[in-house]
Amino acid sequence: MESSNCAASRSMRSNSAPAFLLVLLCLLLQSPSALAGSVKPSYIVYLGGHPRRAGVSPAEASLSATESHYDLLGAVLGDREKAREAIFYSYTTSINGFAASMEPAEAAEIAKYPGVLSVFPNRGRKLQTTRSWQFMGMERNSGEVPRWSAWDVGRYGEDTIIANLDSGVWPESRSFDEGEMGPIPDDWKGICQNEHDRKFQCNSKLIGARYFNKGYAAASPAPLDTALMTPRDENGHGTHTLATAGGAAVRGASAFGYGAGTARGGSPRARVAAYRVCFRPINGSECFDADVLAGFEAAIRDGVHVISASVGGDAFDYLEDAVAIGSLHAVKARITVVCSASNSGPDPGTVTNVAPWILTVAASSMDREFTAYAVFNHTRVEGRSLSERWLHGKGFYPIINAADAALPGTKPSDAQVCLMGSLDPAKVKGSIVVCVRGAIPRVEKGEAVRHAGGAGMIVINDEVSGNDLHADQHIVPAVHISYAEGQKLLAYINTTK
């Protein structure tokens, strides 16, 4: 065990740097990934819009569009019944097109047909502050809403219907309490899709919820379980983004005890609806284009006024971009679409979702830092943490590089990133363990440290992560520090062996 000593403590610091504009929503997602090799590829065939025909009911028009999709793909496959089996989405309301499983050669062939605007893969995408409303002048620091502020003039978004295309929603969240909201507007056409989760209930605030998983299923090598057949949010991303857009006022909210106050969305009196199009990661991607388009079409059909499309990826031609296509048809239906500009940057070419019909919002910075410190060799290093417990500054603990604490038979590279079961309790017990960022979520590294008997953890960035720091709610006393500071710490450990 290493003989060097380390102490950790934490505090919160507020500075005066202004937060950038956070309009309504959207924490964007990033980048496509390769599908599993054992899964048949799937593609989206985009045909534009639907012609208006007098005297034809919506149901008849939808059926006619679906049949035309079978005819088109059937001509390529040589069998109309095979086309029926291959197509898992027909877009028949606003968007004209379909999503189907097919071979690359078949996709290339159908792209040659008259009337086909584009054919592109069912790509996967990734999921992408505290005083924003005061910064925007919507309320004062005291909580008072000035006369003629956007909230006052817009009646807090009363009866605006906001749709969120994301990872779903947790309906029990206080942000979606119905309070004194009146009856649901008569022009709402949506549903609360809960056939596999009867505990999922909508109300007059959260007025609708749907899920779209066929594109995800087409990319998945395993059958879907019932947790993927519900609008219920599994990771919190969709709940957060929808609450940011239209969450009701929640007094006494805080980030694990920090920054206490009243949390509310940009339109706290709006009605909200969740469209789950993002699920557990497959090769790093949670949201697939076929589902994203299905979500757009359903939101248009349901009669929403605003769509928060919190999905994104690498930039493609607009005719091969599901967000660009879906948002275009939404705007044609007089729906405002809001997306963020991605989680990348500030390098050139990293902004996405910039089709001219989309309201694109830059990522936000905060004027608040959740600061924690690691103390070693008479040096105090600043980092970030939201640990509920910490090691007192007067106490000193042995510190060890996780790579030097590998369980016999375990690769040092696995121990270095603190994979569960990779650390040797005989070396780790009672020590602060230094784990390198990457491979698994940062909080899971703390679980591995606790499992091995460690007293605390320091997460150090790899070179790529640089100075990118995160305040996580760790289950052990922990702090996240930069790559440069991490290298100093490792050098110190090496000199004390």
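Coordinate-derived values only; no laboratory data. What you are looking at is a predicted structure, and each value in this text was computed from that prediction instead of being measured. Cβ coordinates were reconstructed from backbone atoms using ideal geometry, including for glycine residues, and neighbour counts include every protein chain displayed.
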Would you mind getting me the FRET efficiency between residue 54 and residue 420? Use the beta-carbon distance for r and R0 = 56 Å, nearest 0.05. 0.30
Give the calculated FRET efficiency between residue 117 and residue 222 to the nearest 0.05, with a Förster radius of 41 Å applied to their Cβ-Cβ distance. 0.80
Can you give the extra length, in nm with one decimal, that the chain gains between residue 396 and residue 487 once fully stretched, where that is 0.36 nm per residue apart less the Cα-Cα distance? 30.7 nm
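Considering only the chain, what is the antiparallel percent among its DSSP beta bridges, to the nearest 5?
Of all bridge pairs located within the chain, approximately 55 percent are antiparallel.
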If eta is 1.567 mPa s and T is 4 °C, what Stokes-Einstein diffusion coefficient results for the chain, Kirkwood Rh from Cα pairs, in µm²/s? 52 µm²/s
How much length would be gained if the chain were fully extended between residue 180 and residue 283, taking 0.36 nm per residue of separation minus their Cα-Cα distance, in nm to one decimal? 32.7 nm
Calculate the FRET efficiency for residue 191 and residue 147 from the Cβ-Cβ distance with a Förster distance of 35 Å, rounded to the nearest 0.05. 0.35
With the convex hull built on the Cα atoms of region 125-361, state its orientation-averaged projected area in nm². 14.0 nm²
Most exposed to least, judged by fewest other Cβ atoms within 10 Å, 272, 45, 361, 116 sort to 116, 361, 45, 272
What whole-number volume per residue, in cubic angstrom, does the convex hull of the C-alpha atoms of region 377-497 give? 95 Å³
Note to self: C-alpha centroids of region 426-443 and region 40-61 sit apart, in Å, by 53 Å
If N is the number of residues in region 246-332, what value comes out of its Cα radius of gyration divided by 2.2 N^0.38 Å? 1.35
Given N residues in region 40-165, what is Rg(Cα) / (2.2 N^0.38 Å)? 1.65
When the gyration tensor of region 139-186 is built from Cα positions, what are the square roots of 5 times its three eigenvalues, in whole Å, from largest to smallest? 24, 15, 12
Here, residue 64 and residue 140, labelled 7 Å along Cα→Cβ, have an inter-label distance in nm of 6.0 nm
